[in-house]
Amino acid sequence: MKGIKIFSPATVANLACGFDVIGLALDFPKDEIFLYKSNNPGIRINKIYGSPLPHDPRKNVAFVALQSLLKKYKQKQRFDETKIGFEIELIKNIHPGSGIGSSAASAAGIVYGANILLGNPFNTIQLIRFAMEGERIASGTAHADNVAPAIMGGVTLVRSYQPLDITRLHTPNELWISIIHPQIEVKTSDAREILKQKILMTDAIKQWGNVGALIAGLYQENYELISRSLEDVIVEPIRAMLIPAFYELKIKCKEIGALGGGISGSGPSVFMLSKGNQTAKKVTEIMNRVYSPLKVDYKTYTSPINQKGIKWIQLS
Ligand code: HSE
């Protein structure tokens, strides 16, 4: 097999209460990656459509993630690196800096695809670790709550970073998501910088209660419990100021039937979960109504949860 096309989904990290540990994959939007193995050694990103991403390899998350995979492959297989190369074309449908896992989609997609072209030498956790290296250069931190759901699909939980221990959770089919992406810049590194390094025990108690109950709610398909658990008392109160009309969005979306939501990853996107696509569509409509009078460009999406994660097809 020489070439494949990879479809790598957008993701929502944190899911309100699960800062750096919970994330989910969306069906839409998704990046498209054309990846070819060649005998011409080296990694070449030949074209990037839809975004002025850096062609400088050291700043490109796909390049860095693939390089980290190849380094390990070299140790593992003792292959002759002068005989292996990759040609890449990226179609960025997920806007960089949107807060819905644009860098994760590139990093996760490329390592997933390379693993297939190399004959599957690596397991899922190893692929996540390579993709996290891409996240490290994109945001300054090698967090896994976007790359894990991109690769595994559904809702995922990082139990531990050291050692890396990640579980795919039961994800109800009726769960839908609405997203609004205000077209303002919020850098993940800045949005992390403003967070406090110490938290109150009373807040910690509320937060881990919510994380546990959210997971129980997913397994029980108990939408009222999911709704009550979508509460973040630690990160959201600090980051909310970065997003125009954040609290108005939350209140109005819940009034129309959303289960709840919050900031998607480090923002600026905001997500809301709903039971069923009818409610999700109404919620997206309300998001449009809240933002249309504001002097901020924005985009909205309505999507089911992506149960499968990355998909691929073989190219002839
Ligand atoms: N968990 C990370 C954060 C996700 O909130 O900073 C960044 O996309």
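Note on segment 217-240 and segment 113-142: Cα centroid distance 29 Å, given to the nearest whole angstrom. Considering every Cα-Cα pair within the chain, what fraction, in whole percent, is farther apart than 28 Å? Above the 28 Å cut-off, the chain has 37 percent of its Cα pairs. Under the convention that each Lys and Arg Cβ holds +1 and each Asp and Glu Cβ holds -1, the size of the dipole of the chain around its Cα centre is about 700 debye. For Cα pairs less than 8 Å apart in space and 6+ apart in sequence, what is the mean separation divided by the residue count of segment 175-304, i.e. the relative contact order in percent? Relative contact order comes out at 42 percent.
Between the amide H of Leu259 and those of Leu273, Ser274, Lys275, distances stay under 5 Å, these residues lying 5 or more places away or on another chain, with hydrogens modeled in the peptide plane. For the pair Asp203 and Gln220 in one chain, pulling the backbone fully straight at 0.36 nm per residue adds 3.6 nm over the alpha carbon distance.
For the chain, the share of accessible area belonging to carbon and sulfur comes to 52 percent (1.4 Å probe, ligands and nucleic acids excluded). Each residue of segment 7-20 was assigned a 3J(HN,Hα) from its phi angle through the Karplus expression (A = 6.51, B = -1.76, C = 1.60, θ = phi - 60°), giving 10, 10, x, 5, 9, 10, 8, 6, 6, 6, 7, x, 3, 6 Hz with x at Gly and Pro. Among Leu273, Ala65, Thr156, flag the residue with its Cα farthest along the positive direction of the charge dipole of the chain, charges on Cβ as +1 for Lys/Arg and -1 for Asp/Glu. Farthest towards the positive end: Ala65. Protein heavy-atom accessible surface, 1.4 Å probe, per residue over the chain: 45 Å². A Förster distance of 45 Å, applied to the separation of the beta-carbon atoms of Lys187 and Glu285, puts the FRET efficiency at 0.90. Computed about the Cα centre, the dipole magnitude for segment 200-316 is approximately 360 debye when only Lys and Arg (+1) and Asp and Glu (-1) carry charge, each at its Cβ. Which of the three applies to segment 175-304, rounded, prolate or oblate, going by the alpha-carbon gyration tensor with a ≥ b ≥ c and a/c under 1.5 meaning rounded? Taking the square roots of the gyration eigenvalues as a ≥ b ≥ c, segment 175-304 is oblate. In segment 175-304, a dipole from Cβ-located charges (positive for Lys and Arg, negative for Asp and Glu) runs towards its positive end, and of Met201, Trp176, Tyr223 it is Trp176 whose Cα lies farthest in that direction.
The charge dipole of segment 1-148, taken about the Cα centre with unit charges on the Cβ atoms of Lys, Arg (+1) and Asp, Glu (-1), comes to about 560 debye, rounded to the nearest 20.
Rolled with a 1.4 Å probe across the full set of protein chains, the surface gives Tyr49 an accessible area near 100 Å². Phi angles of segment 280-286 translate, via the Karplus equation with coefficients 6.51, -1.76, 1.60 and θ = phi - 60°, into HN-Hα couplings of 4, 5, 5, 5, 4, 4, 5 Hz per residue; Gly and Pro are given as x.
Solvent-accessible area of Arg168, all protein chains in place: 80 Å² (probe radius 1.4 Å, heavy atoms, ligands and nucleic acids excluded). Around the amide H of Leu169, modelled in the peptide plane, lie the amide H atoms of Val155, Thr156, Leu157, all under 5 Å away and 5 or more residues distant in sequence or on another chain. Computed from backbone phi with θ = phi - 60° and the Karplus coefficients 6.51, -1.76 and 1.60, the 3J(HN,Hα) list for segment 208-223 is 6, x, 5, 4, x, 5, 4, 5, 4, x, 5, 5, 7, 6, 9, 5 Hz; x is used for glycine and proline.
Among Lys30, Lys196, the sequence by solvent-accessible area, most first, with a 1.4 Å probe is Lys196, Lys30.
The values are calculated or read from the model by the stated rules, or taken from the named source; none is laboratory data. Keep in mind that what you see is a predicted model, and the values were worked out from it rather than measured. Here Cβ is always computed from backbone atoms with ideal geometry, including for glycine, and neighbour counts include all displayed protein chains. Note: areas computed on protein heavy atoms with side chains; ligands, DNA, RNA excluded. Shrake-Rupley method; radii C 1.70, N 1.55, O 1.52, S 1.80 Å.
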